[in-house]
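Below: the structure, in structure tokens.
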Amino acid sequence: MAKVVREHIIRALAKGGFISGQNLGDQLNISRTAISKHIKTLTEMGLDIYSVTGKGYKLSQSLNLLSNSKIINALPKGSTAPEIEVHSIIDSTNSYLLRRLPNQLSQGQVCLAEYQSTGRGRRGRQWISPFGSQIYLSMYWYLEQGLSAAMGLSLVTALAVSDAVFSLTNIQVQLKWPNDVYLGGAKLAGILIDLDGQALEPSHSVIGIGLNLNMPAQAAKKIDQKWTDLQSHSQRQIDRNILSAQLIYHLLKRLQQHQEGGLTAMLDEWHDRDLYLNKPVKLLTGERTTQGICRGVNSQGALLLEVNGQVKPIYGGEVSLRGDE
Ligand code: ATP
Ligand code: BTN
């Protein structure tokens, strides 16, 4: 119920201009006091709403809301559009697609949201997801060859994010194994892969991308690492629907390339964009820290870490990579 009310208020505000609490209350059959509580919650969700006595509520800046038809129209001519759902308020776009497994999804199906109440990072960490200013996108991808084909999905996705950003802005981002996209030494985007299935049987994957576009000041205070957003690096206004379309197009293209030929043909591109290639790094595994030199990645998506002159493949899981200058 609260979700329906809040979505109604957002649509009313998105039209621009002032709308009074009384008017909103009449439309929704609730009191002005209840409206004012919902407005407070919307502000906490990242919407910049102000009020003027006698006039009502107004957005400080117009919203560039996501739209299914605008995204489909922005896909390159001749490309096949997957099924795309746009949600206003959701718990997590990855969790939403996972709940629809195994029968209610089509290959490449996309879920986008304006706001995530419980956006997830790796290992149960939180992904800060304010309303209407960033990108939260998940795609369903069926893995015919089983979970072994899932190795490397986060690298494939990171390459797709980098392709999409480059095609739109000419900006070359950097990639940090296994799942992060960096720009100017700070985190621009994160990738979360959820898997469901058995090693040797056809399996399901949900690929999630969180990309910072316009980070609101309030949300920024909640992030405990160096972050950046794409708009700060571009003179031109970046349209969220066009950026979403580019992400979908490049992700589908990379996933098909991966399905047909694995990671091998993409390794050079990864190494060109590798944040730590040939640099000292430390690998954090629980309490343990291993120092070494990053020698890139192999065709299975493993990190190649040189320790005491020997290069060892490190497969994903509970590990984090950090620079060690
Ligand atoms: P690693 O994957 O190497 O462990 P990481 O510290 O980036 O690196 P992740 O699990 O990938 O960890 O990402 C989750 C972390 O990202 C959170 O703990 C938080 O510090 C940070 N974070 C949350 N929301 C955002 C955001 N919108 N932009 C940038 N960083 C964020
Ligand atoms: C990370 O860096 O740890 C991964 C962050 C992934 C965030 C995205 S936002 C869309 C999708 N839905 C989620 O709950 N998480 C991913």
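The values are calculated or read from the model by the stated rules, or taken from the named source; none is laboratory data. Worth saying up front: this structure is predicted, and the values here are computed from it rather than measured. Note: ideal-geometry Cβ built from the backbone for every residue, glycine included; neighbour counts use all protein chains shown. Surface areas here come from the heavy atoms of the whole protein model, side chains and all, with no ligands, DNA or RNA. Shrake-Rupley method; radii C 1.70, N 1.55, O 1.52, S 1.80 Å.
Among the trypsin sites (Lys or Arg not before Pro) within segment 219-325, those in coil by DSSP and having at most 10 neighbouring Cβ atoms inside 10 Å are LYS221, LYS222, LYS226, ARG236. Approximating the spin labels as points 7 Å out from Cα along Cα→Cβ, the LYS77-to-ILE49 distance works out to 4.2 nm.
A straight Cα-to-Cα reach below 18 Å connects LYS37 with the lysines LYS3, LYS55, LYS58, residues fewer than 8 places away in its own chain not being considered.
Any chance you could give the angle, 0 to 90 degrees and rounded to 10, that helix 32-44 forms with the longest Cα principal axis of the chain? Taking the Cα atoms of the chain, the angle to 32-44 is about 20 degrees.
Checking the a/c ratio against 1.5 first, then a/b against b/c, what shape does the Cα gyration tensor give for segment 2-59? Numbers along the way, then the final one.
Working: a/c = 1.31, a/b = 1.02, b/c = 1.28.
The shape class here is rounded.
Phi-derived couplings, Karplus 6.51 cos²θ - 1.76 cosθ + 1.60 at θ = phi - 60°, listed residue by residue for segment 124-135: x, 6, 8, 10, 5, 10, x, 6, x, 10, 10, 10 Hz, with x used for Gly and Pro. Pairs of Lys residues in segment 68-271, spaced 8 or more positions apart or belonging to different chains, with C-alpha separations under 26 angstrom: 11 in total. Computed as a quarter of the hull surface, the mean projected area of the alpha carbon convex hull for segment 71-224 stands at 9.6 nm².
Calculated mean residue ellipticity at 222 nm for the chain: -9000 deg cm²/dmol, from DSSP H runs with n ≥ 4 weighted as -39500 (n - 2.57), summed, divided by the residue count and rounded to 500.
Using 0.36 nm per residue and subtracting the Cα-Cα separation, the extra length available between ALA217 and GLU269 on full extension is 15.3 nm.
Using a 1.4 angstrom probe, figure out how much accessible area the chain has per residue, in square angstrom, rounded to the nearest whole. List each step's numbers first, then the result.
On the way: 15710 Å² over 325 residues.
It amounts to 48 Å² per residue over the chain.
Once you have the Cα-Cα distance between SER60 and LYS15, take 0.36 nm times their residue separation minus that, and quote the gain in nm to one decimal. Mind showing how you got there, number by number?
Values: separation 45, 0.36 × 45 = 16.20 nm, distance 1.24 nm.
Length difference between fully extended and current span is 15.0 nm.
The calculated P(r) of the chain, using every Cα pair and 10 Å bins from 0, goes 5, 25, 32, 22, 10, 4, 1, 0 in percent.
Is the C-alpha gyration tensor of segment 201-325 telling us rounded, prolate or oblate? Criteria: a/c under 1.5 is rounded; beyond that, a/b larger than b/c is prolate, otherwise oblate. Write out the running numbers ahead of the final one.
Details: a/c = 1.92, a/b = 1.26, b/c = 1.53.
It is oblate, given that a/c is not under 1.5 and a/b is not larger than b/c.
The calculated P(r) of segment 105-183, using every Cα pair and 5 Å bins from 0, goes 3, 12, 16, 23, 25, 15, 5, 1 in percent. For the chain, the carbon plus sulfur part of the accessible surface works out to 47%, probe radius 1.4 Å.
Here's how it looks for TRP227: its modeled amide H is under 5 Å from those of LYS187, which are all 5 or more places away or on a different chain.
The mean sequence distance of close C-alpha pairs (under 8 Å, at least 6 residues apart), as a share of the length of the chain, puts its relative contact order at 14 percent.
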